[in-house]
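The values are calculated or read from the model by the stated rules, or taken from the named source; none is laboratory data. If you're wondering where the values come from, they're calculated on a predicted model, not measured in any experiment. Every residue, glycine among them, receives a Cβ derived from its backbone with ideal geometry; neighbour counts consider all protein chains shown. Please note that ligands, DNA and RNA were not included when accessible areas were found on the heavy atoms of the full protein model with its side chains. Shrake-Rupley method; radii C 1.70, N 1.55, O 1.52, S 1.80 Å.
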Amino acid sequence: MIRPASDPHEGKILPFLSSAEPWVARHVRDLPRSGIRDFFDLVQSMEGIVSLGIGEPGESTPWNIREQAIFTLESGKTGYTSNLGLLRLRRAISAYMERLTGVRYDPEEQILVTVGVSEALDCALRAIVNPGEQILYAEPSYVAYAPGIVLAHGVPIGIPTRFEDEFRLWAKAVEEKAKPGVKALLLNSPANPTGSIVGAGELEKIAAIAQKENWVVLSDEIYAELTYGERHRSIASLPGMKERTIVFNGLSKAFAMTGFRLGWACGPAPVIAAMVKIHQYSMLCASIVSQEAGIEALEHGSAEVEAMQRSYQRKRNFLWRSLTALDFPCHAPQGAFYLFPSIVPFGLSSQEFALRLLREARVAVVPGTAFGASGEGYLRCSFSPRMADLEEAVRRMSRWMRANFPGKRTRVTGR
């Protein structure tokens, strides 16, 4: 829309923004915007798009959980809760985590309920990081890790993982980064965006390094329930690790409750107490409606989680076989709900490939560079959408690939 020349705001808005820019803190000003959000601002401006981009379950939250949320509202439960979260919910989390990981946490002082895992991780980083301390993490990584460390005045140190190793994190690579100034190791297994897991043997070696170097371990286990073969193993379950590990999990992925924004952190009581200070001054508490729904999910939602896990495995197999048939070098992920295929044989950058696929085939995927510089040459494709959407995406990609890359395909090198 072109504004008329008589617009009273003409010439005022931009100069105001420009004059305000010096007020923004340098460490915030220098942060890049989320590559995922930039890309999906573009996606949302278009119609008829099939999206494999957002990491969100394609199914709605199970009815019994939604019904509990409705009942909570109808009962007039609309107030604050304890900063730590409802005690009944923390007890349910304690029992759930013991079933999932074999580790028991005291619901009175070792569990904090948060607004999603993202808030839990932010509280943990701000609670443990002194300015200039370094935090290690595997790359490609979830988009919020490096910015979150910077916002806590820490220094993010990426550990590159490789396609040839199925993007697994190896203890040897971790050890090579061990040096004075490193405070913690941030683990994500199963990982976003690659779907890789840290194998049991490597997990034990990494735990030994953490103990030797006296590191804190931040273990993001939001996809713990979504593994395809090897059962999830938490590093906190290894001898001597519960005392130095903060585990993060929540209901967004396995329970299809992204919009409820409910997560938690489990860890040593002094660290949880420090996190509560940050949480109580910034967020106060998670929504009571979400917390009541969370109790229902943890106490009566296991059958739905198992059904969704089986559905994800079928969709993973379908999309992996389809992409390899289109000659994308691609590994079958061991967990989460993402494939991370290579596009190196096609001669385009991640951004160019994703933009052309969006505009010409109307299929949305995420450029690998949204997950760090080491993501160049890859795309993130989520298999969380409905099967009908996956099938349509594959049909469109197949037509587009035949039209644009008839002579540039390569042999499949994935499993």
In order through the stretch 190-201: 3J(HN,Hα) via Karplus (6.51 cos²θ - 1.76 cosθ + 1.60), integer Hz, x for Gly, Pro: x, 9, 9, x, 8, x, 7, 10, 8, x, 4, x
Karplus 3J(HN,Hα) series, Hz, for the stretch 259-270 with 6.51 cos²θ - 1.76 cosθ + 1.60 (x for Gly, Pro): x, 6, 6, 10, x, 7, 10, 10, x, x, 3, x
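Name the chymotrypsin sites (Phe, Trp or Tyr not before Pro) in the stretch 62-124 that are in a loop by DSSP and that have at most 13 other C-beta atoms within 10 Å, would you? Write down the numbers at each step before the final one.
On the way: sites: TRP63, PHE71, TYR80, TYR96, TYR105; in loops: TYR80, TYR105.
Those satisfying the criteria are TYR80.
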Any chance you could look up the accessible area of LEU284 with a 1.4 Å probe, heavy atoms only, rounded to 10 Å²? 70
Could you give the distance between the Cα centres of the stretch 45-61 and the stretch 245-308, to the whole Å? 24
³J(HN,Hα) computed for each position of the stretch 86-103 - Karplus, 6.51 cos²θ - 1.76 cosθ + 1.60, integer Hz, glycine/proline x: 4, 4, 5, 5, 5, 5, 5, 5, 4, 5, 5, 5, 5, 5, 7, 10, x, 10
Pop the C-beta distance of SER82 and PHE318 into the FRET formula with R0 = 35 Å and round what comes out to the nearest 0.05. 0.20
Given H placed 1.01 Å from N in the peptide plane, which residues other than close sequence neighbours of SER51 have an amide H under 5 Å from its amide H? ALA364
In nm, what is the difference between 0.36 nm times the number of residues separating ASP41 and GLU391 and their Cα-Cα distance? 123.6 nm
FRET efficiency estimate (nearest 0.05) - Cβ-Cβ, ASN214 to LEU355, R0 51 angstrom: 0.65
Listed residue pairs exceeding 26 Å between alpha carbons, taken from LYS179/LYS277; LYS242/LYS315; LYS183/LYS277: LYS179/LYS277; LYS242/LYS315
Please list, in chain and number order, the residues 5+ apart from LEU187 or on another chain whose amide H is under 5 Å from its amide H, with Hs placed from the backbone. LEU218, SER219, ASP220
Taking the dipole about the Cα centre of the chain, with the C-beta of Lys and Arg at +1 and of Asp and Glu at -1, give me whichever of LEU121, TRP215, LEU355 is farthest to the positive side. LEU355
Each label point is 7 Å from the Cα along the Cα-to-Cβ direction; what then is the distance between the points at ARG402 and LYS172, in nm? 4.4
Subtract the Cα-Cα distance of GLU59 and ALA25 from 0.36 nm times their separation in residues, and report this length gain in nm to one decimal. 8.2 nm
Only Lys, Arg, Asp and Glu count, each charged at its Cβ (+1, +1, -1, -1), so figure out the dipole size of the chain about its Cα centre, rounded to 20 debye. 860
Around ARG168, which amide H atoms from residues at least 5 apart in sequence, or from another chain, sit under 5 Å from its own amide H, with H modelled in the peptide plane? ARG162
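Name the chymotrypsin sites (Phe, Trp or Tyr not before Pro) in the stretch 136-174 that are in a loop by DSSP and that have at most 11 other C-beta atoms within 10 Å, would you?
none
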